[in-house]
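S.K.: Can you keep this structure in mind? I'll have questions shortly.
The values are calculated or read from the model by the stated rules, or taken from the named source; none is laboratory data. Since the model is a prediction, treat every value here as computed from it, not as a measurement. Cβ coordinates were reconstructed from backbone atoms using ideal geometry, including for glycine residues, and neighbour counts include every protein chain displayed. Just so you know, the surface numbers come from the protein's heavy atoms only, side chains and all, with ligands and any DNA or RNA stripped out. Shrake-Rupley method; radii C 1.70, N 1.55, O 1.52, S 1.80 Å.
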Amino acid sequence: MNAGLVIIAAGGANFGSLVTACARLGVEARVSDSASTITNASHVILPGVGAAAQAMQHLRASGLDRVIRTLSQPLLGICLGMQLLFERSAEGEVEGLGLLPGTVARLSAAPRWPHMGWNTLDQIQPHPLLAGVARGAWVYFVHGYAVAPGAATIAASAHGGEFSAAVARGHIAGVQFHPEKSAAVGRRILANFLELPCS
Amino acid sequence: MPARRIIACLDVANGVVVKGVRFRDHRVVGDIVELARRYASEGADELVFYDITASPENRCVNPAWIERVARELDIPFCVAGGIRDVAEAEAVLAAGADKISINSPALARPELIGELATRFGSQCVVIGIDVDAQTDATGNWRVVAHSGKPDAAHDAGRDLLGWVREVESRGAGEIVVNAIRQDGLRAGYACDLLARVRAATHLPLVASGGAGTIAHFVEVFERADVDAALAASVFHSGDIRIDALKPALIAQGIEVRP
């Protein structure tokens, strides 16, 4: 059975705006913490508002960390959800899902902390997730921690130094910004994700 | 660096948008969702909804209209109004708000800031500070609690810069400083006071209270180096349209999202 788009109920509180952003694209999202629903989804989003340690604790307690590691369909981590895809986060010194190599560090060189507001996507690599998104496009960020640019980085932004704004490797992708809050550019990126072929 | 932000503020009382002068004599300016949609389409970077009667009346904000707003908006919005604990904050965030702003309840119990930051992350914890722009005998600005309701307003027993440093150390993610003597007067932001706050914190700083002309926005970004400027009256009246303000700021060399 194909459950379509499933948003993982990861313990963060803010699913409402993501669900409605998908609805505006004509896609009905299911918010679920059921292993079978998530496993049978065509596309999976791991959202995140919150702190890394609490979010990982929730995923481990519910066994969802193991479920996420077994997925092979397109998976998109948003904000904290993207950070959880990596090996480790300095926010609460917690181990992540380890699906992508790298660690999450505090944006310590930033003149203002946290990084809050609209910033541009610089250094865009060609990738289906960013189809139709031009260098210099504005997206909305709210975060205090980030992943340094690495092999999986497909877009970078800068705030006291460059960081990964979007990452992708195989079926796994992540965006540090909030596409559901990034007006037309965000709509396009969400639509691109939903069009990624289901394996 | 992110772009400087223009934030439209909608004061909500009894489910409709209202606006007063110096926090008094409120009149109805329109429907919540209708105004939210208008500001988003004009290019507002963010919206703030203040349920201005919640805290003085000792009740939390009503999540029903938050859900209506969240369904309509694809830009971020913050909700303020009487959020006193983690459970109430969770209800507001679950209804679709991106950030929560705490004012009087943080003054009453500062530990709340840390509890919210631990549970939801600093990035969604905004601290609103109402300040009397007139300095006291020692040259400090005074923080005012419960300014939303004149009968309940009182000196919070704290000076502005000390409170700013405390909320930063307790885990706040953003500060909105509202100069209550400027509120609704359209005589310009309290730039001197805001510049002192700017120098005291690394947190994103939002200026509030006093916008009357496009020049006031230019002035507060240049003189006080704030990250965002918030206004209500001039946007509600249509005297300044955000889609006219932003090109004017860009022409002055201030980076904003076009």
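S.K.: Could you work out the relative contact order of chain A, using alpha carbon pairs under 8 angstrom and six or more residues apart, expressed as a whole percent?
M.R.: Working: 465 pairs, mean separation 38.5, N = 199.
Relative CO of chain A lands at 19 percent.
S.K.: Something else: Find me the longest stretch of chain A that has none of the exposed GluC sites (Glu not before Pro), where exposed means in a DSSP loop (not H, G, I, E or B) with at most 16 other Cβ atoms within 10 Å.
M.R.: A:94-199
S.K.: May I ask you to find the residues of the range A:176-199 that are shielded by at least 10 Å² of accessible area once the whole protein assembly is considered instead of their isolated chain (probe 1.4 Å)?
M.R.: Those residues are A:180, A:181, A:183, A:187.
S.K.: Chain pair B, A: how much accessible area is buried, both chains summed, with a 1.4 Å probe, in Å² to 100?
M.R.: Numbers: alone 10570 and 8620 Å², together 16250 Å².
Looking at B and A, the buried total is near 2900 Å².
S.K.: Shape call for chain B from the C-alpha gyration tensor, a ≥ b ≥ c root eigenvalues: rounded (a/c under 1.5), prolate (a/b greater than b/c) or oblate?
M.R.: Because its axes are fairly even, with a/c under 1.5, chain B counts as rounded.
S.K.: Calculate, for residue B:192 and residue A:135, the FRET efficiency according to 1/(1 + (r/R0)^6) with r their C-beta to C-beta distance and R0 35 Å; round to the nearest 0.05.
M.R.: The pair residue B:192/residue A:135 has a calculated efficiency of 0.35.
S.K.: Within 10 Å of each Cβ in A:118-124, how many Cβ atoms from other chains are there, averaged over the peptide? It would help to have the intermediate numbers written out before the result.
M.R.: Working: counts 11, 4, 4, 0, 0, 0, 0.
Mean shielding by partner chains, rounded to a whole number: 3.
S.K.: Rounded to the nearest 5, what is the percent of antiparallel bridges among the DSSP beta bridges in the range B:90-230?
M.R.: The antiparallel fraction comes to roughly 30 percent.
S.K.: How large is the helix-only mean residue ellipticity at 222 nm for the protein assembly as shown, computed as the sum of -39500 (n - 2.57) over DSSP H runs with n ≥ 4, divided by its residue count, in deg cm²/dmol to the nearest 500?
M.R.: Calculated from helices alone, the mean residue ellipticity at 222 nm is -8500 deg cm²/dmol.
S.K.: How would you classify the range B:120-213 from its alpha-carbon gyration tensor, with a ≥ b ≥ c the square roots of the eigenvalues: rounded for a/c under 1.5, else prolate if a/b is greater than b/c, otherwise oblate? Provide the component values of the computation, followed by the final result.
M.R.: Working: a/c = 1.41, a/b = 1.29, b/c = 1.10.
Rounded.
S.K.: How far apart, in nm, are the 7 Å Cα→Cβ label points at residue B:239 and residue A:198?
M.R.: 5.5
S.K.: Same structure, new question: Per residue of B:70-79, what is the mean number of Cβ atoms on other protein chains within 10 angstrom of that residue's Cβ?
M.R.: Across the residues of B:70-79, the mean count of other-chain Cβ atoms within 10 Å is 6.
S.K.: If you take the beta carbon distance between residue B:155 and residue A:158 as r and set R0 to 25 Å, what does 1/(1 + (r/R0)^6) give as a FRET efficiency, to the nearest 0.05?
M.R.: Step by step, r from the Cβ atoms, then E = 0.05.
S.K.: To continue, here is another question. Using a Förster radius of 30 Å, what is the FRET efficiency between residue B:108 and residue B:136 based on their Cβ-Cβ separation? Nearest 0.05, please.
M.R.: 0.90
S.K.: Dividing the Cα radius of gyration by the Kirkwood radius, what Rg/Rh value follows for the range A:5-195?
M.R.: Using only Cα positions, Rg/Rh for the range A:5-195 is 0.93.
S.K.: Counting only heavy atoms of protein chains, what accessible area per residue, in Å², does the range B:5-251 have with a probe of 1.4 Å?
M.R.: Accessible surface, normalised per residue, equals 35 Å².
S.K.: Counting each pair of different Cα atoms once, what's the Kirkwood radius of the range B:46-195 in Å, rounded to one decimal?
M.R.: Taking the inverse mean of 1/r over all distinct Cα pairs, the range B:46-195 comes out at 15.7 Å.
S.K.: Could you tell me which of rounded, prolate or oblate describes the protein assembly as shown, using a ≥ b ≥ c as the square roots of the eigenvalues of the alpha-carbon gyration tensor, with rounded for a/c under 1.5 and, failing that, prolate when a/b is larger than b/c and oblate otherwise?
M.R.: In terms of gyration-tensor shape, prolate.
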